[in-house]
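The values are calculated or read from the model by the stated rules, or taken from the named source; none is laboratory data. Just so we're clear, the structure is a prediction, and the values are computed from it rather than from any experiment. All Cβ positions, even for glycine, are placed from backbone atoms using ideal geometry, and neighbour counts span all protein chains on display. Surface areas here come from the heavy atoms of the whole protein model, side chains and all, with no ligands, DNA or RNA. Shrake-Rupley method; radii C 1.70, N 1.55, O 1.52, S 1.80 Å.
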2 protein chains.
Amino acid sequence: MALVVQKFGGTSVADPDRIREVADHVARTRRHGSDVVLVVSAMGKETDDLLRMAKEVSNTRPGREMDMLITAGERKATALVCMALADLGVPAESFTGSQAGFITDTTHTNAKILELRPDRLRDSLAAGKVPVVGGSQGVSTGRDVTFLGRGGSDTTAVALAAALNADSCELYTDVSGVFNADPRIVQGARRIDRISFEELLEMTATGCPKPAMRSVEFARNHGVKLHVRSAFTWEPGTWVVEEDPDMEHAIISAITHDASEAKITVTGLPDEPGIAAKVFRALADQDVNVDMIVQNVSDHGVTDISFTVPFDDVERSMTVLRPMCDEIGGSHEITEDSGIGRVSIVGAGMKSNPGVAARMFETLSEHGINIEMISTSAIRVSCVVRQDRLEDAVVALHGAFELDRPVPA
Amino acid sequence: MALVVQKFGGTSVADPDRIREVADHVARTRRHGSDVVLVVSAMGKETDDLLRMAKEVSNTRPGREMDMLITAGERKATALVCMALADLGVPAESFTGSQAGFITDTTHTNAKILELRPDRLRDSLAAGKVPVVGGSQGVSTGRDVTFLGRGGSDTTAVALAAALNADSCELYTDVSGVFNADPRIVQGARRIDRISFEELLEMTATGCPKPAMRSVEFARNHGVKLHVRSAFTWEPGTWVVEEDPDMEHAIISAITHDASEAKITVTGLPDEPGIAAKVFRALADQDVNVDMIVQNVSDHGVTDISFTVPFDDVERSMTVLRPMCDEIGGSHEITEDSGIGRVSIVGAGMKSNPGVAARMFETLSEHGINIEMISTSAIRVSCVVRQDRLEDAVVALHGAFELDRPVPA
């Protein structure tokens, strides 16, 4: 008997009607001959509501208590889904992360899974039931309730698929799969039928919102077959698979973009060994999430360093940098620029196709879009541009690399 | 160091402001030199909201899932209270019923406590923290989440006070204690300063809404000092104590009333041994909660039986009675009357004061209030009257027994 892990996000269980739809979907999957383990997130915007309530009540908000509060959301959803399944004659049992066997570290609000012991889920399956597991939660080695962080339900589902040796893990979202560009921006955006873990990882790292990057990494490391599909239709979505060397690649698989970062530039630093090290060590120690880095060495013995950080980290970055730069000395200047955006092209095909980066730069310049920073990986090229030209850049590149055309099967 | 268990109900934690007030209250108790274990219910009307949501989602609503759903309410409240305490510099830790060590049977939605192992609470106290426990919940011997039922938070608090050997258990409500009649009906209703467990039990059994009867029984059986008081003032409330034989009793301690029951009468049953047994065995087998029972033997070899049941049990009672009476035979008739109310006088003093019942009956007749049924215990007399005269009866008896006068200290 096949076993599939199905994960439904908050929008899919936002109200009683949606919850009954999810139950129908599970019942139908069982009729088609598969056992199902279900993972659900909190209903609709409940997690946000709980966060708001916490802010109204307290300024300190200890992590341990935040996790106790937030995880109540998934708990409610699992119970309600089980009730809807019971109405359909499908026996189901809800499980908290702790009951499902998720042992985590003690890093509250963003815990890491240390071990997974899904014994109770196995018993539930053996008894012909559907285990319904609360997403993004577990119990710490200190026996406290922990939350795996936003988007953690995808990780919960993938981890269960790996531990239970499921045939596949289906991540249901409000779109019908992974697209080769944001459909809200690019008319010709197409759903990708098959994509490699590596490419999807680069995409999620550069702005593709779903699935959560962490879950994709987990799936790759444990060889879990991922299927990203729509919660509202039965049409196949995007299969995430092992890279197949014989696979005929589109040169570029997708265009991604991200407008959630700011650029920080430090100019006039003495051009000495260890300067960059000093800067980024200091930032790392403050958990600043540095992304792109560019360093220009001028010919006056001074150097400029630019890097991007999430908006939330800008203030922390500045408070770290100012005293440190003073200490370093030199007639430096620190500037912050929130008006930037990043556009990226991702594709395993570019490895064997030189000149892809060049074509990207040409395309942008043809459209009069200035490039401020560049960073690359083996299968990705990213450019920082003005935010007000970001969407133009996405559209231009989508056309230039002919991503509106169907790929050869 | 003194240890006090404080329980706050839903109204006391209904919103962020109230939650902060509760935190202030706890902080102040600690400054006065007592360790505190806190028990909280779900915020405001959340439990009702969750029940409504479940009804919208499902018709079956398995008990196991209802408990998983409902207990999310207290869980949120405990976490928020801990955050508010953190703001005041009071270290606090939230605990689910399971974490607090409440082992229950597997009777979902109304579980019974089998064992209490509050090791984690002891550790928390030893570390100078305030353990905040979710009320009315535990974990079953089957490792499932269980709910102790409505009003279960009082029981949670009393059970913890007993297990932790607390100096007292304070039950905070929205009124300032236990009153000798419903203040909304009787102007002269007075708060009772001290009352015996036995009297309070009779009161809760005959309409006094708080505290929950189950918690009073538990407190009596384990010798827990109960203090029922207002969450919004610091004035002392009602102390519930062991009966003191030397205590000078008011003859009557309180007038209670209850309009939540209906009267069912079966007339014309053959007057044979075992008839009543047949009737009430059948009802008991259907978990019908029969309260008062009166049987009149007429002189024509037939008998009439009247009894009261909660409104919710009326329909079930009728479906049990009809076929059974046919089987018994006789020209019987079954009537149902929802227009009744019960007024009771409660007082340990009546034991040593004959004629109390007589005075009650006289008082009612003086006010032209007809008595339909009577039942008594050693310290209680109850009369069923027309519901539209119930409040008149309460007021009349409160006056007749001079309950508006202060009792001798």
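When all protein chains stay in place and ligands, DNA and RNA are ignored, the 1.4 Å accessible-area order of B:SER375, A:SER331, largest first, is A:SER331, B:SER375. Across all Cα atoms of the protein assembly as shown, the radius of gyration (one decimal) and Dmax (whole number) stand at 34.4, 123 Å. Any idea how far the Cα center of the stretch A:131-173 sits from the one of the stretch A:342-373, in Å? Taking the Cα centre of each part, the stretch A:131-173 and the stretch A:342-373 sit 37 Å apart.
Given the alpha-carbon gyration tensor of the stretch A:143-189, what are the semi-axes of its equivalent ellipsoid in whole angstrom, ordered largest first, with each equal to the square root of 5 times an eigenvalue? Could you put the intermediate results ahead of the total?
Details: eigenvalues 173, 52, 8 Å².
One finds semi-axes of 29, 16, 6 Å for the stretch A:143-189.
With a 10 Å cut-off between alpha carbons and a GNM built on chain A, which of A:ASN110, A:ASN180, A:ASN353 moves the most? Greatest mean-square fluctuation among the candidates belongs to A:ASN353.
What do you reckon, how do B:PHE95, B:PHE232, B:PHE361 stack up by accessible area (1.4 Å probe), largest on top? Before the final figure, lay out the partial values.
Working: B:PHE95 5, B:PHE232 95, B:PHE361 60 Å².
Greatest to least solvent exposure: B:PHE232, B:PHE361, B:PHE95.
In this structure the protein assembly as shown gives 42 Å² per residue of accessible area when probed at 1.4 Å with all protein chains present.
Each residue of the stretch B:10-19 was assigned a 3J(HN,Hα) from its phi angle through the Karplus curve 6.51 cos²θ - 1.76 cosθ + 1.60 (θ = phi - 60°); the sequence is x, 5, 6, 10, 5, 8, x, 4, 4, 4 Hz, with glycine and proline shown as x.
Angle of helix B:275-285 to the longest C-alpha principal axis of chain B, folded into 0 to 90 degrees and rounded to 10: 30°.
Let's test the formula: R0 of 35 Å, r as the Cβ-Cβ distance of A:ALA2 and B:GLU56. What FRET efficiency results, to the nearest 0.05? Don't jump to the answer; show the numbers that get you there.
Numbers: r = 33 Å, r/R0 = 0.94.
Working from the Cβ atoms, E equals 0.60.
A:ILE113: net charge of surrounding residues, Cβ under 13 Å, Lys/Arg +1, Asp/Glu -1, itself excluded?
Numbers: positive: A:LYS112, A:ARG117, A:ARG214; negative: A:ASP105, A:GLU115, A:ASP154, A:GLU217.
Result for the local shell: -1.
Give the accessible area for A:LEU390 in Å² (nearest 10); use a 1.4 Å probe, count only protein heavy atoms, and leave out ligands, DNA and RNA. The value for A:LEU390 is about 10 Å².
How large is log10 of I(q)/I(0) for the stretch A:2-174 at q = 0.09, 0.18 Å⁻¹ when the intensity is taken from the Debye formula with one equal scatterer per alpha-carbon? So the normalised log intensities are -0.27, -1.07. Residue by residue along A:85-91, Cβ atoms of other protein chains within 10 Å of the local Cβ number 3 on average. Cross-link partners for A:LYS55 among the lysines, with Cα-Cα distance under 20 Å and sequence neighbours closer than 8 places in the same chain left out: A:LYS45, B:LYS76.
In summary, the aspartates and glutamates within cross-link reach of A:LYS112, defined as a Cα separation below 14 angstrom excluding same-chain residues under 8 places away, comprise A:ASP67, A:ASP144, A:ASP154, A:GLU217. Helix A:46-57 and the longest principal axis of the Cα set of chain A meet at an angle near 70°.
Sorting B:ASP35, B:ASP154 by accessible area (1.4 Å probe), largest first, what list results?
On the way: B:ASP35 40, B:ASP154 10 Å².
Putting B:ASP35, B:ASP154 in descending order of accessible area: B:ASP35, B:ASP154.
Quick one: if the Förster radius is 51 Å, what FRET efficiency do A:PHE361 and B:THR107 give, using the C-beta to C-beta distance and rounding to 0.05?
Working: r = 70 Å, r/R0 = 1.38.
The value I calculate is 0.15.
Measuring nothing but protein heavy atoms, the accessible surface of the stretch A:2-174 at 1.4 Å probe radius is 46 percent carbon and sulfur.
By the rule of a C-alpha distance below 19 Å, with chain neighbours fewer than 8 residues away ignored, the lysines paired with B:LYS225 are B:LYS7, B:LYS210. Computed FRET efficiency, Cβ-Cβ of B:ASP271 and B:LYS45, R0 51 Å: what is it to the nearest 0.05? With R0 = 51 Å, the Cβ-Cβ based efficiency is 0.50. Each residue of the stretch A:59-72 was assigned a 3J(HN,Hα) from its phi angle through the Karplus expression (A = 6.51, B = -1.76, C = 1.60, θ = phi - 60°), giving 9, 7, 6, x, x, 4, 6, 4, 5, 4, 6, 4, 5, 4 Hz with x at Gly and Pro. Its DSSP H runs of at least 4 residues, each contributing -39,500 (n - 2.57), put the calculated 222 nm mean residue ellipticity of the protein assembly as shown at -11000 deg cm²/dmol, to the nearest 500.
A:ALA259 label point (Cα plus 7 Å toward Cβ) to equivalent points in the other copies: 6.1 nm, shortest first.
Each other copy places its own label point for A:GLY355 at 11.9 nm from this one, sorted shortest first, where the point lies 7 Å along the Cα-to-beta carbon line.
Using the alpha-carbon positions of chain B, Rg (one decimal) and Dmax (whole number) come out as 23.4, 78 Å. Charge dipole of the stretch B:2-174 (Cα centre as origin; +1 on each Lys and Arg Cβ, -1 on each Asp and Glu Cβ, all else neutral): 180 debye, rounded to the nearest 20. Under 14 Å from the Cβ of B:HIS257, count the other residues' Cβ atoms, weight Lys and Arg +1, Asp and Glu -1, and hand me the total. Net of charged neighbours comes to -3.
Karplus-based coupling profile of the stretch B:385-399, in residue order and whole Hz: 10, 4, 4, 6, 10, 4, 5, 4, 4, 4, 4, 4, 5, 4, x, with θ = phi - 60° in 6.51 cos²θ - 1.76 cosθ + 1.60 and x standing for Gly or Pro.
Need one number: buried accessible surface between chains A and B, 1.4 Å probe, both sides summed, DNA, RNA and ligands left out, in Å² to 100.
Values: alone 18790 and 18820 Å², together 34030 Å².
So the buried area, both faces added, is about 3600 Å².
Among the protein heavy atoms, those of A:GLU362 account for about 100 Å² of accessible surface (1.4 Å probe, every chain in place).
Here the chain A residue lying nearest the rotation axis onto B, judged by its C-beta and given with the distance in whole angstrom, is A:ALA72, 2. Amide H to amide H, with H built 1.01 Å from N, A:VAL37 comes under 5 Å of A:VAL4, A:VAL5, A:GLN6, counting only residues 5 or more places away or on other chains.
Just so you know, the Cα atoms of the stretch A:329-393 work out to an Rg and Dmax of 14.2, 46 Å.
Once backbone amide H atoms are built at 1.01 Å from N, A:PHE102 has A:ARG117, A:VAL139 as its partners under 5 Å, excluding neighbours fewer than 5 places away on the same chain.
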